[in-house]
């Protein structure tokens with residue numbers, strides 16, 4: 001590795017599996033001190049131990065503002081500052097036009113949008129104190145295209161992308177860059193019930209589901225292979241490193257060409 005993040009401190013929500021775990025692994029390998037945030041204590045602590053002394057785990061529910069604030073304060077207390085925040089945690093919103101309920105709406109907004117807004121809110125002060133920083137929000141091509149997720153999920157992710165653009169404008173004068181990543185067909189546990197379910201499965205069960213998922217997703221993109229969590233981690237590394245120092249208010253689409261295809265007609 002090339003130490004592209006040497007001396008930087010990063011906090012990654014949803015960091016115990018999928019894209020979050022891959023990003024934590026890559027960031028640590030590139031020299032960053034990393035706080036992995038998530039709900040699975042067992043997986044979080046195991047991953048942190050495997051990545052060395054510069055990585056710690058913080059148990060948190062990112063639908064709770066107090067937990068978000070506490071995780072950011074822990075990063076600063078343990079490592080002295082905060083350079084990078086990856087608002088990665090998420091999951092399905094799960095409702096169609098005729099079946100959506102207020103409960104669906106509140107849960108989806110809390111998980112996918114409020115967590116981003118509040119993460120940014122609590123990262124601003126330590127990043128200003130540090131002379132700047134980088135915030136990355138995990139959005140989705142569902143924000144850009146029809147039938148890439150249920151309609152509620154898609155609308156909320158569109159809000160994430162737009163909030164990213166506006167926050168980047170407002171925080172630019174403080175040298176705080178704010179960008180989004182919109183993944184496409186990425187083989188992660190969200191496709192078979194979300195990270196919560198993945199945390200209940202054994203490593204062998206997860207591996208079997210992933211192999212089947214990758215084969216199916218490969219059929220949906222021009223490159224004819226499934227996107228991997230590591231592909232998104234590499235995008236996050238670019239945005240977080242000095243290579244991305246002139247990039248802000250941007251939505252980086254990483255989808256194997258999926259958004260350039262026509263959508264499938266209704267059956």
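Annotations
- Helices (runs of 4 or more DSSP H) fully within the range 102-214 counting 1 or more residues that are on the phi > 0 side of the Ramachandran plot, crowded, with 18+ Cβ neighbours inside 10 Å and touching a strand residue (DSSP E or B) at 6+ places or on another chain (Cβ under 6 Å): none
- Odd one out for residue 260, checked against (1) modelled with pLDDT under 90; (2) touching a strand residue (DSSP E or B) at 6+ places or on another chain (Cβ under 9 Å); (3) surrounded by fewer than 19 Cβ atoms within 10 Å (Cβ to Cβ): (2)
Yes/no per residue for (1) over 17 Å from the mean Cα position of the chain (by Cα); (2) under 20 Å from residue 230 (Cβ atoms); (3) in contact (Cβ under 8 Å) with a residue 60 or more places away in the chain:
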site: 18; (1), (2), (3): no, yes, yes
site: 23; (1), (2), (3): no, yes, yes
site: 33; (1), (2), (3): yes, no, no
site: 48; (1), (2), (3): yes, yes, no
site: 55; (1), (2), (3): yes, yes, no
site: 58; (1), (2), (3): no, no, no
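- Identity of the residue in the range 225-247, in contact with a strand residue (DSSP E or B) (Cβ under 8 Å, 6 or more places away or on another chain) and in a loop (DSSP other than H, G, I, E, B), that ends up surrounded by the most Cβ atoms within 10 Å (Cβ to Cβ): 226
- Within this structure, residue 36 passes the test of being closer than 24 Å to residue 234 by Cα, touching a strand residue (DSSP E or B) at 6+ places or on another chain (Cβ under 6 Å) and crowded, with 24+ Cβ neighbours inside 10 Å.
- Residue 88 in contact (Cβ under 8 Å) with a residue 24 or more places away in the chain and either more than 22 Å from residue 241 (Cβ to Cβ) or surrounded by 24 or more Cβ atoms within 10 Å (Cβ to Cβ) (or both): yes
So that you can scan it fast, the table gives a plain yes or no per residue for (1) in a helix (DSSP H, G or I); (2) modelled with pLDDT of 95 or more:
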{"site": "3", "(1), (2)": "no, no"}
{"site": "12", "(1), (2)": "no, yes"}
{"site": "21", "(1), (2)": "yes, yes"}
{"site": "26", "(1), (2)": "yes, yes"}
{"site": "31", "(1), (2)": "no, yes"}
{"site": "35", "(1), (2)": "no, yes"}
{"site": "45", "(1), (2)": "yes, yes"}
{"site": "49", "(1), (2)": "yes, yes"}
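- Some residue of the range 60-83 being in a strand (DSSP E or B) and in contact with a strand residue (DSSP E or B) (Cβ under 8 Å, 6 or more places away or on another chain): no
- Options 94, 80: the member that is at positive phi and surrounded by fewer than 15 Cβ atoms within 10 Å (Cβ to Cβ): 80
- Just one of the listed residues (222, 265) is exposed (fewer than 14 other Cβ atoms within 10 Å of the Cβ), over 13 Å from the mean Cα position of the chain (by Cα), outside any helix (DSSP H, G or I) and modelled with pLDDT of 80 or more, and it is 222.
- Residues that are surrounded by fewer than 23 Cβ atoms within 10 Å (Cβ to Cβ) and in contact with a helix residue (DSSP H, G or I) (Cβ under 8 Å, 6 or more places away or on another chain) do not occur anywhere in the range 8-17.
The values are calculated or read from the model by the stated rules, or taken from the named source; none is laboratory data. What you are looking at is a predicted structure, and each value in this text was computed from that prediction instead of being measured. Cβ: placed from backbone, ideal geometry, glycine included. Neighbour counts: every protein chain shown.
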